[in-house]
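This report refers to the structure that appears directly beneath it.
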Amino acid sequence: MTPAPGRSRTALVLGGLAAALALAIVAGVAFGAVRIPPGDVVAAVSRALTGHGGTLADAVIVDLRLPRVLLAALVGASLALAGVLYQALFKNPLADPYILGVSSGAGLGATLALTAFGTSYAARAVGVPIGAFAGAVLTMVLVVRLASRRGRLDPTSLLLAGIAVSYTLSALTSFVLVYDRETMTSVVFWMMGGLQNRSWEHVAMLAAMLGAGVVVPSLFHRELDLMLLGDERAGQLGVSVERFKLVALASASLVVAGAVAVSGLIGFVGLMTPHMVRLVIGPRHRALLPASMLAGAIVLVVADLLARIVLAPVEIPVGIVTALAGGPFFVWLLIRKERAR
Amino acid sequence: MSPDGRLLAFDGVTVGYGARTVVRDAAFAVRGGEFIGLVGPNGAGKSTLLRAVTGGPDVTAGDITSDGRSLVRMPDRERARLVGVVPQTPVPPFALGARGFVEMGRHPHLGRLASPGPADRAIVAEVMRRTDTAHLAEERIDELSGGDLQRLTLAQALAQQPRVLLLDEPTSHLDLNHALQVLDLVRSLADDGMAVLGVFHDLGLAARFADRIAIVADGRVTPPAPPAEALDARVVADVFGVRAVVRTDPVTGTLAVTPILRGADLSPGASQVSVGLVCGSGAGATLMRRLALSGLGVHAGALNRGDVDHAVAEAVGAAYVELPPFGEIDAPAEAQVRQGYAACSCVIVTEVPFGRPNLPNLRAAVESRRPVVLVGHMRADRDFTGGDARALWDMALGAGAMRVDTEADALEAARALSGPAATTHPEER
């Protein structure tokens, strides 16, 4: 029973999540092939921040572990943000960038960009995010078109169209990769959702895209609440529904593109986290958005940590860990939704 | 406010979905302080017309304006400060607090970065008090009944502080007490200057609360008229295919619409055989309805305007001779009744009390030379003629009239006397 949590409760939850994220990041950096005491992690980061770096251990922490863990946090936050947006805009609790096919679209776009522009720094920094964004937007348009009948969007058709398009685009991506064997090896691992060998360059790129993508949802959190009442009711209460949907979906596509460009296809984070957060904090987006982003970051940092230590020294792609947890969760939601009818 | 005060005006509006037109050329206006009811059969386009104001269906011709400004082209936020809607569709269930739900109505008044302030919270508290939902403030809307949600939706619309209020069957989920409470509130809002347009399923509620009523049928809207004009029995029969008694309720003083027949073919000339009825004061109402259901015509004698049986006769399409209220049956009227009864298969004398004014009905029946069926007994408490009614009754019995105890027996007899023209309506078991 959580009726409209008060401000103090919201602040408490957000503070708790921020603290948990900090802990998860420290743990993410500390554990790995070489175990580093958590105290050393904090010391190394503060040395780096104040400009007194230099030791080899510091280099491992600051240049290898830290960007990877921060990137996991940013990817998790991006996917959770996109999940919150899709679920509100489509009034569909099962909507998520992976299930809607947007991730696959971004993946195909990114792959095509890689094939077309090569793997130079410029290509990766500019071409891949743009390709991913274009792929995400076009896929979104395609899926919504396929699922609409006379202007009405059927929730079940949306999921079916998303899954069908997702499979098709993944197959196309594989086709491109087989055709272009040069980029294949690295891209296949990337497609499975991985965070290996990521650098500050990736962190900066995703931070910029997430920063841009979070502006509209933050300013328009009340519109997102109103969208839960249905498009027509939202319009009656003063929301310019079509325009708002356009910018909000563009924002979602942007952060999904960013996440896919740096880490490939990681499913279910955008589906699970908003649900878990809603149970605690309620459906109002003013609190739901930041809390889901924090929770998504925690989920992916922990998932990445598990991916690294479960079969150490072998790493599992983190997308496999999230799918193992998220697949059953999806089934549970589906059953619950059917029973609620 | 502009001089004409047309807070909501449909100026030759045609609405529909894509290529499908639902209502065409709607032309009427709601002024501040006025409450107009929209009635009509299901699927006639009442809701479509209402929803077109806030941009649901397409307006393909004409314009919907407020004080001369187009609501169709107005930015959504601005329009939401002017027009509040209580839609018919239920709110999708999600775990939102009721107060937060009502507070959503403040949205069009809030700045981009502003949160609801003390003034907004005061407005929310006030509309929740007026809609009798204050006690629900801490509840979650996904755990409330449909009726509670409907009143919260009204509160949400009122939190917009609109000058125009649109209601789409605002009482469909409410029990009678809450329905009357909500409509009393809406009535008082209109009295305070709001322009109200409401779609109603219940003709009686529409007649009771609306100033004027417009009928939506066959893709057209009639000009709004006072309930007594807009909802006469013929209109109700034409529009809804239901025979109804429409009369002023003696208790509430408002128009009451009571459906009495559905489906029987009551068009003039449909029945070959008629049964005469001596009735009045409601004594013939049930028999008239059941005779009509049996496919028989009815001649109800001479009836005063304002009499219940007069209204029923009109509703079932019975023939009768009309008298002014409390008027006596004079010689010409009696001659007409006599003529009417003479064409009937038989004449039933119901348990109506007799006085000087209506005695000619009984005399016409007894002297009609048609078979007469007498219901009940001519006791002293029915006879206010000093024995003349009794004398006619006995004369009829002497001439071989059939006497029965119940209306059901009388109906049975009338059907037997009318031959194969009498059929059995599904409602008659």
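The values are calculated or read from the model by the stated rules, or taken from the named source; none is laboratory data. Just so you know, these numbers come straight off a predicted model, no measurement behind them. Heads up, the Cβs are rebuilt from the backbone with ideal geometry, glycines too, and the neighbour counts pull from every protein chain shown.
Quick notes on this one:
- From B:94, B:101, residue being more than 8 Å from chain A (Cβ to nearest Cβ) and either surrounded by fewer than 13 Cβ atoms within 10 Å (Cβ to Cβ) or under 26 Å from residue A:277 (Cβ atoms) (or both): B:101
- Residue, nearest to the other protein chains (Cβ to nearest Cβ), within the stretch A:197-235, restricted to residues that are surrounded by fewer than 20 Cβ atoms within 10 Å (Cβ to Cβ) and in a loop (DSSP other than H, G, I, E, B): A:230
- Selected residue (only one of B:363, B:379, B:369, B:390 is farther than 18 Å from residue B:411 by Cβ, surrounded by 18 or more Cβ atoms within 10 Å (Cβ to Cβ) and of a type in the set (Lys, Arg)): B:363
- Residue ID - surrounded by the most Cβ atoms within 10 Å (Cβ to Cβ), chosen from residues in the stretch A:101-120 that are in a helix (DSSP H, G or I) and without any contact (Cβ under 8 Å) to a residue 40 or more places away in the chain: A:113
- In the set (1) more than 7 Å from every other protein chain (Cβ to nearest Cβ); (2) buried (at least 23 other Cβ atoms within 10 Å of the Cβ), the condition left unmet by residue B:87 is number (1).
- Subset of the stretch A:236-253 that is surrounded by 24 or more Cβ atoms within 10 Å (Cβ to Cβ) and not hydroxyl-bearing (Ser, Thr, Tyr) - its residue that is farthest from the other protein chains (Cβ to nearest Cβ): A:252
- Screening B:52, B:9 for residues that are crowded, with 20+ Cβ neighbours inside 10 Å, away from every other protein chain (no Cβ under 14 Å) and either polar (S, T, N, Q) or out of contact with any His (no Cβ under 6 Å at 6 or more places or on another chain) (or both) leaves exactly one candidate, B:9.
- When the stretch B:194-225 is limited to residues that are closer than 14 Å to residue B:166 by Cα and assigned to a loop (DSSP other than H, G, I, E, B), the one that is farthest from the chain's Cα centre (by Cα) turns out to be B:194.
Okay, residues lined up against (1) modelled with pLDDT under 80; (2) out of contact with any Lys or Arg (no Cβ under 7 Å at 6 or more places or on another chain); (3) within 14 Å of chain B (Cβ to nearest Cβ):
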{"site": "A:131", "(1), (2), (3)": "no, yes, no"}
{"site": "A:138", "(1), (2), (3)": "no, yes, no"}
{"site": "A:150", "(1), (2), (3)": "yes, yes, yes"}
{"site": "A:157", "(1), (2), (3)": "no, yes, no"}
{"site": "A:186", "(1), (2), (3)": "yes, yes, no"}
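- Boolean, residue B:133 is β-branched (Val, Ile, Thr), crowded, with 16+ Cβ neighbours inside 10 Å, in contact with a helix residue (DSSP H, G or I) (Cβ under 6 Å, 6 or more places away or on another chain) and under 22 Å from residue A:283 (Cα atoms): yes
- Residue in the stretch A:262-278 that is among the charged types (D, E, K, R) and within 9 Å of chain B (Cβ to nearest Cβ) present: yes
- Selection within the stretch B:134-168: residues that are within 11 Å of chain A (Cβ to nearest Cβ) and in a helix (DSSP H, G or I). The member of this set that is farthest from residue B:9 (Cα to Cα) is B:143.
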